[in-house]
Amino acid sequence: MKVVIQRVLSASVTIEGKVYGTIQNGFVILVGVHEEDTLEDVSYLIRKVSNLRVFEDDAKRMNCSILEVEGAILSISQFTLFAETRKGNRPSFIRAADPKLASELIEVFNEGLRAEGIKVKAGIFGADMKVQLVNDGPVTILMDSRER
């Protein structure tokens, strides 16, 4: 799995003109699933995201996790994170997981974050989503479970 984590002051996802989810202070996470990903990949990223220390402490140092600041997550499925762009100009998504596997693993990911005590909002898998956010910092972190 690959995730792009953006620390945000606020974020929302709109689907078919309706605001579907909104958060304040936390992360927008774009989540891509590889065709060979397993529950082990999901567990690894739940642990890493929950404990990622990128929020400021009293000394203005990035030393606090999303749990410590009681932040929220807006989770958005993003198969394009597995775009293959080495050949030609049109990306290939052949390494992205099939929709059934991807939607199941993303749901397990979101539920795992909730089990850690994090408020999680999510878009709709496969929908045409419009995501708005105010990036804080900006802070953007990339994680790939295959690189652990």
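The values are calculated or read from the model by the stated rules, or taken from the named source; none is laboratory data. Note that the structure is a prediction, hence the values are computed from the model and not measured. FYI the Cβ positions are ideal-geometry reconstructions off the backbone, even for glycines, and counts take in every protein chain you see.
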All positions within the stretch 77-90 that are within 23 Å of residue 105 (Cα to Cα), in a loop (DSSP other than H, G, I, E, B) and of a type outside the set (A, V, I, L, M, F, W, C): 78
Filter result for residue 77 (more than 14 Å from residue 26 (Cβ to Cβ), over 14 Å from the mean Cα position of the chain (by Cα) and polar (S, T, N, Q)): no
Leading residue by the ranking (farthest from residue 44 (Cα to Cα)) among those in the stretch 94-107 that are of a type outside the set (Asp, Glu) and surrounded by fewer than 13 Cβ atoms within 10 Å (Cβ to Cβ): 94
Among (1) surrounded by 13 or more Cβ atoms within 10 Å (Cβ to Cβ); (2) more than 19 Å from residue 5 (Cα to Cα), the one test that residue 90 misses: (1)
Cβ-Cβ under 6 Å pairs, at least 6 apart or on other chains, the stretch 44-70 side touching a residue at least 24 places away in the same chain (Cβ under 8 Å) and closer than 16 Å to residue 8 by Cβ, far side aliphatic (A, V, I, L, M) and not in a loop (DSSP other than H, G, I, E, B): 54/62; 54/139
One residue from 68, 35, 84 being modelled with pLDDT under 95 and either touching a strand residue (DSSP E or B) at 6+ places or on another chain (Cβ under 8 Å) or surrounded by 17 or more Cβ atoms within 10 Å (Cβ to Cβ) (or both): 84
